[in-house]
1. Checking Gly137 against (1) in contact with a Phe, Trp or Tyr (Cβ under 8 Å, 6 or more places away or on another chain); (2) in contact (Cβ under 8 Å) with a residue 40 or more places away in the chain: exactly one of these is not met. Which one?
2. Filter region 31-65 for residues that are more than 15 Å from the chain's Cα centre (by Cα), aliphatic (A, V, I, L, M) and outside any helix (DSSP H, G or I) and give the result.
3. With respect to Lys126, is the statement that it is of a type in the set (Lys, Arg), under 17 Å from the mean Cα position of the chain (by Cα) and not in a helix (DSSP H, G or I) true?
4. All but one of (1) over 22 Å from the mean Cα position of the chain (by Cα); (2) of a type outside the set (Phe, Trp, Tyr); (3) under 19 Å from His41 (Cα atoms) hold for Ala145, so report the exception by its number.
5. Return the total of residues in region 84-111 being of a type in the set (Gly, Ala, Ser) and open to solvent by 40 Å² or more (accessible area, probe 1.4 Å).
6. Could you give every pair whose Cβ atoms fall below 8 Å, whose first residue belongs to region 107-122 and is more than 21 Å from Gly45 (Cα to Cα), and whose second residue is open to solvent by less than 100 Å² (accessible area, probe 1.4 Å) and β-branched (Val, Ile, Thr), counting only separations of at least 6 or pairs across chains?
7. For region 38-61, which positions are loosely packed, with under 12 Cβ neighbours inside 10 Å and either modelled with pLDDT of 95 or more or farther than 21 Å from Tyr108 by Cβ (or both)?
8. Which pairs turn up if I take residues in region 35-50 that are over 20 Å from Val166 (Cα atoms) and look for partners that are open to solvent by less than 100 Å² (accessible area, probe 1.4 Å) and of a type in the set (Asp, Glu) with beta carbon separation below 6 Å, at least 6 apart in sequence or on another chain?
Amino acid sequence: MSVIAAVLIVFATIVAMEGVAWASHKYVMHGFAWAWHRDHHEPHGNVLEKNDLFALVGAGMSIAMFALGSPWIMGEGAWPPATWIGLGILAYGAIYTLVHDGLVHQRYFRWVPRSGYARRLVQAHKLHHATVGKEGGVSFGFVFARDPARLKAELKAQREAGIAVVRDSAGA
């Protein structure tokens, strides 16, 4: 496999993982796995959250792809592109950790962006946390953030329709 093909697979996987993350956040974390995700939406003084268990799921996906691509493990049945998919999943996990846990929730460093895309990411995710409970909500992605003004309008419509309970401080 060429270097260009490997790089393209890694990049495509990173982009695709945002879709996987959006769907799993909306339908799994805010669905049947709410028990793991709930503490992420509620104030607490703990260093770790049950929500951090989802990182193990992502790590498992990456490890599984590395294994599928490895001739040491799969022998002649190895599928080389899987190695690069595994690397893309790993890279997305690192980006997620820096952006979501680091920048947005300030678990690893303190920096409040005043402008630009970083500010938009923080605003969009704060609007995601504006709902009480798992119902309704906006901005389920982690790296691609929609316009905060549109997200506020969606939250307002959800509140008015009785779909979501929105915190008073959200401004929606």
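The values are calculated or read from the model by the stated rules, or taken from the named source; none is laboratory data. Everything numeric here is computed off the predicted structure, so don't read it as measured data. Positions of Cβ are backbone-derived with ideal geometry, glycine not excepted, and every protein chain shown enters the neighbour counts. Note: accessible area is taken over every heavy atom of the protein model, side chains too, but ligands, DNA and RNA are not part of it. Shrake-Rupley method; radii C 1.70, N 1.55, O 1.52, S 1.80 Å.
1. Among (1) in contact with a Phe, Trp or Tyr (Cβ under 8 Å, 6 or more places away or on another chain); (2) in contact (Cβ under 8 Å) with a residue 40 or more places away in the chain, the lone unmet condition for Gly137 is (1).
2. Answer for region 31-65, where residues must be more than 15 Å from the chain's Cα centre (by Cα), aliphatic (A, V, I, L, M) and outside any helix (DSSP H, G or I): Val47, Leu48.
3. No; evaluated as a whole, the condition is false for this residue.
4. Unmet condition: (1).
5. Selection size over region 84-111: 1.
6. Within 8 Å, the pairs are Pro113/Val122; Leu121/Val99; Leu121/Val104; Leu121/Val143.
7. Correct list: Leu56, Gly60.
8. Listed pairs, sorted by first residue: Glu49/Asp39; Lys50/Asp39.
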